[in-house]
Amino acid sequence: MDVNNIKSEVRRVNGYLKEVTTFFDASGKPISHIMNPLMVELKPRDILQIMIGSLLMATPLSFTEEVWIISKELSDQKIILMSLVSSLTVTLFIYFNFYRGRLKGNIIQFIKRILATYIITLLSASMILLLIDKLPIFTDLNLAIRRSVIVGLPSVFAATLSDYLK
């Protein structure tokens, strides 16, 4: 197909940004449209999807004794490394699946999506741990953070995938 017979533009449809690609015949008449969501804005629906995705993974993990034990045994360096690896992985996933080719003009939204994903995930993990009395936030803050990070590691991936699925 000739590139001159294709036109791509960004439109707002029902409050959401969409990339609309229009295909034209040889005479210039439109013959079809393809509409794809542009996920460069963080909407309340996205926040809810992030929360549900993180809870799906955080809930079963929070109930395992292995997580409680390993949170005491792992070194601080390993906990920091876990945080860095998950941060880098999720940032790259969000960039390549939401913002690649669209980062210009959307940097603030990019940063907001990354921060929202991490904050919501850590809060979800912490909430579950708190509900089952395994988040000693007032007696051992270091252990509470470590448990939240360990449960949050796989949960942030589930949150990101849930946000991606529209």
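Output the residues belonging to the range 90-110 that are in a helix (DSSP H, G or I) and either modelled with pLDDT of 95 or more or buried (at least 16 other Cβ atoms within 10 Å of the Cβ) (or both).
Looking only at the range 90-110, we keep the residues that are in a helix (DSSP H, G or I), and these are 90-99, 107-110.
Listed by number, the residues that qualify are Val90, Thr91, Leu92, Phe93, Ile94, Phe98, Tyr99, Gln109, Phe110.
Determine whether the range 13-24 contains at least one residue that is surrounded by 11 or more Cβ atoms within 10 Å (Cβ to Cβ), of a type outside the set (Lys, Arg) and touching a helix residue (DSSP H, G or I) at 6+ places or on another chain (Cβ under 8 Å).
Step one: of the range 13-24, the residues surrounded by 11 or more Cβ atoms within 10 Å (Cβ to Cβ) are 16-24.
Subset that is of a type outside the set (Lys, Arg): 16-17, 19-24.
Add one more test, that the residue is touching a helix residue (DSSP H, G or I) at 6+ places or on another chain (Cβ under 8 Å), and what stays is 23-24.
Yes, because at least one residue in the range 13-24 is surrounded by 11 or more Cβ atoms within 10 Å (Cβ to Cβ), of a type outside the set (Lys, Arg) and touching a helix residue (DSSP H, G or I) at 6+ places or on another chain (Cβ under 8 Å).
Under 9 Å by Cβ, and 6 or more places apart or on different chains, what pairs join a residue from the range 1-26 that is closer than 18 Å to Gly105 by Cα and among the aromatic types (Phe, Trp, Tyr) with one that is modelled with pLDDT of 80 or more and in a loop (DSSP other than H, G, I, E, B)?
Within 9 Å, the pairs are Tyr16/Glu41; Tyr16/Lys43.
Considering the range 9-49 alone, what residues qualify as being in a strand (DSSP E or B) and among the acidic types (Asp, Glu)? Walk me through it before giving the result.
Of all residues in the range 9-49, those in a strand (DSSP E or B) come to 9-13, 16-24, 30-37.
Hits for the range 9-49 are Glu9, Glu19.
Picking from Glu66, Glu73, Glu9, which residue would you name as being surrounded by fewer than 15 Cβ atoms within 10 Å (Cβ to Cβ), over 25 Å from the mean Cα position of the chain (by Cα) and outside the structural domain of Arg147 (by TED's automatic domain parsing)? Don't jump to the end; show me each part of the working.
Numbers: Glu66 fails: outside the structural domain of Arg147 (by TED's automatic domain parsing); Glu73 fails: outside the structural domain of Arg147 (by TED's automatic domain parsing).
Exactly one residue qualifies, and that residue is Glu9.
Restricting to the range 128-144, and then to whatever is in a helix (DSSP H, G or I) and either free of Cβ contacts under 8 Å to residues at least 12 places away in the same chain or not assigned by TED's automatic domain parsing to the domain that holds Pro60 (or both), can you tell me which residue is surrounded by the most Cβ atoms within 10 Å (Cβ to Cβ)? Give the derivation first.
At the first step, the residues of the range 128-144 found to be in a helix (DSSP H, G or I) are 128-131, 141-144.
Next cut, either free of Cβ contacts under 8 Å to residues at least 12 places away in the same chain or not assigned by TED's automatic domain parsing to the domain that holds Pro60 (or both) only: 130-131, 141-142.
On the way: Leu130: 15, Leu131: 11, Leu141: 11, Asn142: 12.
Only one residue tops the list, namely Leu130.
Within the range 50-78, how many residues turn out to be out of contact with any Lys or Arg (no Cβ under 9 Å at 6 or more places or on another chain) and not in a helix (DSSP H, G or I)?
Total meeting the criteria: 2.
Please list, ordered by first then second residue, the pairs with beta carbon atoms under 8 Å, 6 or more apart or interchain, first in the range 152-166 and assigned by TED's automatic domain parsing to the domain that holds Ser54 and closer than 19 Å to Leu135 by Cβ, second assigned to a loop (DSSP other than H, G, I, E, B) and of a type in the set (Val, Ile, Thr).
none
Give me the pairs, please: first residue somewhere in the range 79-98 and over 17 Å from Ala116 (Cβ atoms), second residue anywhere and of a type outside the set (D, E, K, R), beta-carbon distance under 6 Å, and either six or more positions apart or on two chains.
Final answer for the pair search is Ile79/Val149; Met82/Leu153.
The values are calculated or read from the model by the stated rules, or taken from the named source; none is laboratory data. A quick note: this is a predicted structure, and the numbers were derived from the prediction, not measured. In this analysis, Cβ positions are derived from the backbone assuming ideal geometry, glycine residues included, and neighbour counts consider all displayed protein chains.
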